[in-house]
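The values are calculated or read from the model by the stated rules, or taken from the named source; none is laboratory data. Keep in mind the model is a prediction, meaning the values are calculated, not measured. All Cβ positions, even for glycine, are placed from backbone atoms using ideal geometry, and neighbour counts span all protein chains on display. When the accessible area is computed, the model is the full protein with side chains, heavy atoms only, and any ligands, DNA or RNA have been set aside. Shrake-Rupley method; radii C 1.70, N 1.55, O 1.52, S 1.80 Å.
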Amino acid sequence: CREGSMEVLLESGGERVALVRINRPEARNALNSAVREQLARIFVELAGNDEIRCVVVTGTEKVFAAGADIKAMADAQPVDMMLRAGERNWAPIKDFPKPLIAAVNGFALGGGCELAMHADMIIAGASAKFAQPEIKVGIIPGAGGTQRLLRAVGKFKAMKILLTGEMVSAQEAEAMGLVTEVVPDGEVLDRALALARSIALLPPLAARKIKELVLQGGDLPLEAALVMERHAFHLMFATADQKEGMQAFIDKRSPNFKGL
Ligand code: HXC
């Protein structure tokens, strides 16, 4: 628990893995400013913590997160929203340099779906539901939903989700590429943590570069992205973990990656 607040919990997810848990079930984990500020602080801290190599973000049993807090926005004017500068609290999650896995049980709606889409992989329970229902309350997604959804699932699925606000099942989400894996509801967190722990055994500098290239490269012209990849590929040969990984292969032993 962080600084006296219990809405976002930071727990161990096993060796070198952190678990971030949104815990405001009475409001369906709605992302009010307190929750978002706590999330931002936690992600800043985890980015700088060399002990942590991979992070899982999750909600509670029935809800991942039901989106931005509608009650806190209902009477807002544009200037109020500008002054709230919500993007400041999304930035540490958007720019989080380590692999981030969302473990989604139940509803991931609006800002909750957008939070899941900030992750690098999404593990969903069989009864999870995804939606961008903003249009039903007279707004549009405000944390990257139109853009990340478009890039994840393509124009024609994204348009349906954004224009109707209707929920998409975990199975449909998996079929359209919004979800990495669907597992039984009771196994979501275990699966996400197991995946995180397996990634945490791998060289973190390589993981960081892969994440950066996938996220940044996807929006560049192919040739520019390929040059960026080549430079990063060459840079890996400056790491101790490259020497260790290849020597361990030759020696027929397990590697011990130090993150150097
Ligand atoms: C504020 C919320 C909330 C939300 C639920 N609650 N979602 N409060 N903001 N987003 C509150 C309810 O008002 C209610 O409070 C309590 O949580 C329980 O909700 P119920 O609806 O009674 O629960 P249930 O029947 O289980 O339905 C769950 C639900 C539904 C399917 C998640 O609550 C729902 O559809 N929520 C709204 C989803 C939504 O429209 N999200 C998009 C928000 S806009 P009381 O006081 O009555 O107990 C958005 C913009 C993003 O996200 C912009 C960038 C961040």
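Tabulated values for the structure
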| item | result |
| --- | --- |
| Residue-count net charge about LEU195 - beta-carbon cut-off 12 Å; Lys, Arg +1, Asp, Glu -1 | -2 |
| Sites GLN171 and GLU61 - FRET efficiency at Förster radius 22 Å, r taken between beta-carbons, to 0.05 | 0.65 |
| For the range 35-87, convex hull volume per residue from C-alpha positions, Å³ | 94 Å³ |
| Surrounding net charge for ALA76, when Lys and Arg each add one and Asp and Glu each subtract one, Cβ distance under 12 Å | -1 |
| Cβ-derived FRET efficiency at R0 30 Å, PHE249 paired with GLU212, nearest 0.05 | 0.75 |
| Rounded if a/c under 1.5, otherwise prolate or oblate - the range 28-175, Cα gyration tensor axes | oblate |
| Relative contact order (percent, whole number), the chain, Cα cutoff 8 Å, 6+ residue spacing | 16 percent |
| Carbon and sulfur %, accessible surface of the range 4-120 computed with the full protein complex present, 1.4 Å | 53 percent |
| Calculated diffusion of the chain, Stokes-Einstein form, Kirkwood radius summed over Cα pairs, 37 °C and 0.692 mPa s, µm²/s | 171 µm²/s |
| Dipole magnitude of the range 108-260 about its Cα centre (Cβ charges: Lys, Arg +1; Asp, Glu -1), debye to nearest 20 | 260 debye |
| Filter on LYS62/LYS211; LYS136/LYS211; LYS71/LYS155; LYS94/LYS157; LYS62/LYS136 - keep pairs with C-alpha separation over 28 Å | LYS62/LYS211; LYS136/LYS211; LYS71/LYS155 |
| The range 1-159 - share of DSSP beta bridges that are antiparallel (%, nearest 5) | 25 percent |
| The chain, accessible area per residue, ligands and nucleic acids excluded (1.4 Å, Å²) | 53 Å² |
| Value at 222 nm in deg cm²/dmol, rounded to 500, when DSSP H runs of n ≥ 4 in the chain each add -39,500 (n - 2.57) | -13500 deg cm²/dmol |
| Euclidean distance of C-alpha centroids, the range 190-260 and the range 135-175, integer Å | 31 Å |
| Of ASP185, ASP69, ASP80, the one that fluctuates the most in a GNM where the chain has Cα springs shorter than 10 Å | ASP80 |
| Dipole-positive endmost among ALA91, ILE123, PRO203 within the chain (Cβ charges, Cα centre) | PRO203 |
| Estimated FRET transfer efficiency (MET82, VAL227; beta-carbon r; R0 35 Å; 0.05) | 0.40 |
| Relative counts (whole %) of C-alpha pair distances in the range 210-260, using bins that are 5 Å wide | 5, 20, 20, 17, 15, 13, 8, 3, 0 |
| Protein accessible area in the range 219-260, 1.4 Å probe - carbon and sulfur % | 67 percent |
